[in-house]
Amino acid sequence: MLAELPRKFGWPHEDNPQERLLLDPLPQEDMNRIMLRPMLKAGSGWWLVVALLSAIVLVCFVGAWAYMIRWGMGLAGIRRPVFWGVFIATMVFWIGISHSGTFVSAILRVFNAEYRRPITRAAELMTSFSLICAGMFPFIHLGRVWTVYYMIPMPNQRQLWTNFQSPLAWDLFAITTYLIGSTLYVYLPMIPDLAMARDHTTGWRHTLYKWLSLGWRGVEYEWHYLHMAIKIFAFAIIPVMFSVHTIVSWDFAMSMHIGWHSSIFGPYFVVGAIFSGVSAVITVLLVVRRTMHLEYFLRPEHFDALAKLVLIFSLAWTYFFFNDYLVEWYGGDWVGHQLLLFQARGPVAPLWYAMLLFNIAIPCLTLWNKRIRRSPIALFLITVGINIGMYLERYIIIPGFLHINNMPFDWGNYNPEWPEVSIAFGTLALFILLYTLASKFIPLIPVWEVLEGQLSHTRRRIGRTVVTSVAELE
Amino acid sequence: MAEAKQGNRWTMVIDLDKCTACQACVIACHAENNVPTVGPEQINMGRAQHWLRIERYWQGEYPDLRARYIPVLCQQCQHAPCEPVCPVFASMHSDAENINVQVYNRCVGTRYCGNNCPYLARVFNWFDPYFPEPLNEQLNPDVTVRYRGVMEKCTFCIQRIHAGADRAALEGRPLRDGDVVPACAQVCPTDAIVLGNLADEHSRIHEFVKSKRAFALLEDLGTEPAVIYLKGGESHVS
């Protein structure tokens, strides 16, 4: 009876071992070459992309922002009672994307998930770059950005101090901590790869990598301390990650606005952030793999594993979404009901249904299928869709919820104006630009981690079966 | 002086039975406090900069249609939601007057206070203020003109509170009821708006707030407003 099963359904865990990166080793020098080749030569396509993105950043982001600083916040579409609009929604979106790196890298590292090895660097870089984009919005949305230093707690002759009761002050410290922490966290595991790049380059690149690799030689005690430091950072960055998005959600939950004042917002936002973050990792890895020819490192098995994570977080997000909605409904408050009806039938209804389609229907109906999880085109479309859906979620929660309040006379409609759309679009271009530039300077695949994984994985014959054995690295 | 001010509780009573929604208070407030007029285009966007507005609610169906009015201004909450959310202490409770004040020079324009105000009493300076001729000739020298990027709201005409206290001090007597009349109360043709010191037992409002008709707006939120409304009847529109 049992012997029938494999004949019928195949051996689920015995895929072709050649498909798995860690069981398909190449000599170290070959791997270095695969990584360095796309880094060292920049084709005309790359220059074209960089020029185009720089132009977009200059015009849509810098230009529109300067124009808005000159004439006033009024160029945005925000109005009483919707005092926060696209800017804050986009900030929350970028903070969400920033959870990709920490989650995919730190948590998978802590749990020793072997499939993380080739994808950690690309994911961690996203954290730093998206935090740079997110960190601009608290400045952009200020009415008087030239007085932003009033928020910094420093002794001054104006006798001003930061109000530590304000969630916005918590935000400032949380984002700063996370940016510094995640930048150190992406830098530490990069040191051996920078040293590798140093040993394979000449001229100004050699000098650059010489400085960046801090004189790494690869002797035993260096590896020992590096592993220790990475382990400490991986554990320490996880609570920081949870706290950052919880604090971002508290910007809303700590207010007494109806719909925002919800105790579930902390975990709801964290789950949503990881959901959009992991999806964005897949999108970026697909693009990197295609443009930099890294098919050797980034294989279907990695996308398969990440897509499973996306499916889990789609379900978790669905749970939180319905929990938030149902509790409000059963609360029976009249204004609360108007808010729910506003989502389902009001002016944001098309966005609301699109959000449900992208975040729940599409991932839950497709990602259970192994063939879809391993298809680059399908995954690209699904994950881009998820990030559109998650952006819509932030848009509905932030300006959307503000339409409805306790004073029905003051309900009002918000429509974004071109400067805010342009600035939001400009940060997307900035993110892609930073990533495109980084792809020429930073080895996007941690080659030493892949090598380490390959050395610890062997195939052994026990009796009649061949099994994979993994050596404990610690 | 400082001792005399201590313990003042400036409170406003608005009798909805007397209010005819004539909007004179709205105009007076604009004139007294240098509140800019923003023009029809901005008003259509919902950016009318009134510190005080008359809210009108329709009740019932056509043949039996009733209109109810309520003037809404900053409620000067004793437990104000706008205060803790401001990262720079621009929204503050003033101990001397027991009202909520907005420090324009400190405001960086996060607009969090505006989102957290359940009464939507706060308005933002979306652009630099503009006073068309001849309004630019009649700006009140006692009140700052606010520039783009700061929040503002009703102050209970704090400049008149201070002027009244100074006059009383000059005459060497304690502050009496009627020394301080804010612009909205001054022009109200039906005397529906009265400002007074609740700590003063001889003030008119001291009697009003004991009325059975007295209520506070959105009382269940626990903001403890310093504006007390007296319930009114409805006016028929037919």
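The values are calculated or read from the model by the stated rules, or taken from the named source; none is laboratory data. Since the structure is predicted, the reported quantities are computational estimates derived from the model, not experimental observations. Cβ placement follows ideal geometry from the backbone for every residue including glycine, while neighbour counts extend to all protein chains displayed. Accessible surface areas use protein heavy atoms only, side chains included; no ligands, DNA or RNA. Shrake-Rupley method; radii C 1.70, N 1.55, O 1.52, S 1.80 Å.
Before moving on, here are some points about what is shown:
- As a size descriptor, the averaged projected area of the C-alpha convex hull of the stretch B:158-238 was calculated at 7.4 nm².
- Extension gain for the segment A:Tyr149 to A:Trp211, taken as residue separation times 0.36 nm less the Cα-Cα distance, is 19.0 nm to one decimal.
- Accessible surface ranking for A:Trp170, A:Trp71, 1.4 angstrom probe, highest first: A:Trp71, A:Trp170.
- Note on A:333-346: average number of Cβ atoms from other chains within 10 Å of each residue's Cβ is 0.
- Long-range HN-HN contacts of B:Asn140 with modeled amide H, under 5 Å: B:Asn34
- Value at 222 nm in deg cm²/dmol, rounded to 500, when DSSP H runs of n ≥ 4 in chain A each add -39,500 (n - 2.57): -20500 deg cm²/dmol
- Residues losing 40 Å² or more accessible surface upon assembly, the stretch A:408-423, compared with the chain by itself, 1.4 Å: A:Phe409
- Estimated FRET transfer efficiency (B:Asp64, A:Leu52; beta-carbon r; R0 51 Å; 0.05): 0.20
- Taking all protein chains as shown and a probe of 1.4 angstrom, A:Glu295 keeps an accessible surface of around 90 Å².
- For the protein assembly as shown, a simple Cβ point-charge model (Lys and Arg +1, Asp and Glu -1, everything else neutral) yields a dipole of about 2140 debye relative to the Cα centre.
- For the pair A:Gln18 and A:Arg158, the difference between a 0.36 nm per residue extended length and the Cα-Cα distance amounts to 43.6 nm.
- Zone of A:Thr202's modelled label, taken as backbone nitrogen in the stretch A:28-58 under 16 Å from a point 7 Å along Cα→Cβ: A:40-41
- Rel. contact order, % - alpha carbon contacts under 8 angstrom, at least six apart, chain A: 29
- Calculated [θ] (222 nm, deg cm²/dmol) that DSSP helices of n ≥ 4 give over chain B, each run adding -39,500 (n - 2.57): -5000 deg cm²/dmol
- The stretch A:96-106 - phi-based ³J(HN,Hα) in whole Hz, Karplus 6.51/-1.76/1.60, Gly and Pro as x: x, 4, 5, 6, 3, x, 5, 5, 4, 7, 5
- Evaluating 6.51 cos²θ - 1.76 cosθ + 1.60 at θ = phi - 60° for every residue in the stretch A:448-457, the Karplus couplings come out as 5, 5, 5, 4, 4, x, 5, 5, 8, 9 Hz, glycine and proline recorded as x.
- Sum of side-chain charges, A:Thr162 neighbourhood, beta-carbon under 12 Å (Lys, Arg +1; Asp, Glu -1): 0
- Percentage relative contact order, chain B, counting C-alpha pairs under 8 Å, at least six apart: 31
- Look at the dipole of chain B built from charges on Cβ: of B:Pro40, B:Ala199, B:Leu16, the Cα furthest out on the positive end belongs to B:Pro40.
- With R₀ fixed at 35 Å, the C-beta to C-beta distance from B:Asp191 to B:Arg167 puts the FRET efficiency at about 0.95.
- The value for the stretch A:282-387 of Rg(Cα) / (2.2 N^0.38 Å) is 1.35.
- Spin-label pair A:Val470-A:Ala42: with each label point 7 Å from Cα along the Cα-Cβ axis, the two points sit 3.9 nm from one another.
- Rounded to the nearest 20 debye, the dipole size of the stretch B:2-233 about its Cα centre is 320 debye, using +1 on the Cβ of Lys and Arg and -1 on the Cβ of Asp and Glu.
- Global geometry of the stretch A:148-307, whether rounded, prolate or oblate, following the gyration tensor of its Cα atoms and the 1.5 cut on a/c: oblate
- Point-to-point label distance, A:Tyr330-A:Ala378, nm (Cα→Cβ direction, 7 Å offset): 3.7
- Exercise: per-residue mean of other protein chain Cβ atoms within 10 Å, A:139-150: 5
- Chain A and chain B together bury an accessible surface of about 3800 square angstrom, both sides counted, with a 1.4 Å probe and no ligands or nucleic acids included.
- Three-way shape call for the stretch A:13-115 based on the alpha-carbon gyration tensor, with the a/c threshold at 1.5: oblate
- Expressed as a whole percent, the accessible surface of the protein assembly as shown that belongs to carbon and sulfur atoms is 64, based on a 1.4 Å probe.
- Cα gyration tensor shape of the protein assembly as shown, rounded if a/c is under 1.5, else prolate or oblate by comparing a/b with b/c: prolate
- 25 °C / 0.890 mPa s Stokes-Einstein diffusion coefficient of the stretch A:202-251, Kirkwood radius on C-alpha pairs, µm²/s: 178
- With a Cα cut-off of under 28 Å and a minimum spacing of 8 residues unless on different chains, the lysine pairs in the stretch B:2-233 number 10.
- Å³ per residue enclosed by the Cα convex hull of the stretch B:2-233: 150
- Total lysine pairs under 28 Å (Cα atoms) in chain A, excluding pairs fewer than 8 apart on one chain: 9
- Burial here means at least 20 square angstrom less accessible surface with every protein chain in place than with the chain by itself, probed at 1.4 Å; in the stretch A:73-97 the buried residues are A:Met73, A:Gly74, A:Ile78, A:Arg79, A:Arg80, A:Phe83, A:Trp84.
- Furthest towards positive pole of dipole, A:Thr458, A:Pro167, A:Leu392, structure part chain A, Cβ charges: A:Thr458
- Note that the stretch B:2-233 presents 45 Å² accessible area per residue, ligands and nucleic acids not counted, probe 1.4 Å.
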